[in-house]
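Here the structure comes first, spelled out in structure tokens, and everything after it is commentary.
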Amino acid sequence: MTSSNDKRPLASPEMENDLGQRFPLQTMSPEEYAARNAARIMEFSLGRFRYRDPNLDSWLQRLQEILTDGKLVTACREQYLTADEMKRAIELDREEF
């Protein structure tokens, strides 16, 4: 839950609704989502906003935390990915965009 002294700008209701539908909050943890998708995310800025829905807010904050720490991404991959998936994720990490 966000505190009253949280300085992040409040996301619009439309943005919050869109993100709530786009991310698998109910079926996947931020850790698993990062493990499976970090290689495809060039930049993640959604954590700079705060959200009225405390579940969405904490989920996106945790995802932001993971995506900005390579060691956390690796730990999540080791937990959730098969050896073949891990190999592909590493290959994707090395590709230039």
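The values are calculated or read from the model by the stated rules, or taken from the named source; none is laboratory data. Quick caveat: nothing in here was measured; it's all calculated off a predicted structure. Methodologically, a virtual Cβ is constructed for each residue, glycine included, from the backbone with ideal geometry; neighbour enumeration extends over all protein chains shown.
Points worth noting:
- Cβ-Cβ under 9 Å pairs, at least 6 apart or on other chains, segment 11-33 side crowded, with 16+ Cβ neighbours inside 10 Å, far side among the β-branched types (Val, Ile, Thr): 30/66; 31/66; 33/66
- Residue ID - surrounded by the most Cβ atoms within 10 Å (Cβ to Cβ), chosen from residues in segment 34-48 that are touching a Phe, Trp or Tyr at 6+ places or on another chain (Cβ under 8 Å) and of a type in the set (A, V, I, L, M): 35
- Against the criterion of being part of a loop (DSSP other than H, G, I, E, B) and either at positive phi or at pLDDT 95 or above (or both), residue 36 does not qualify.
- Count of segment 49-97 residues which are assigned to a helix (DSSP H, G or I), surrounded by 12 or more Cβ atoms within 10 Å (Cβ to Cβ) and basic (Lys, Arg): 3
- Scanning segment 1-24 for residues that are modelled with pLDDT under 95 and of a type in the set (A, V, I, L, M, F, W, C) yields a count of 1.
- Pick from segment 28-55, criterion within 15 Å of residue 10 (Cα to Cα) and of a type in the set (D, E, K, R), ranking: farthest from the chain's Cα centre (by Cα): 52
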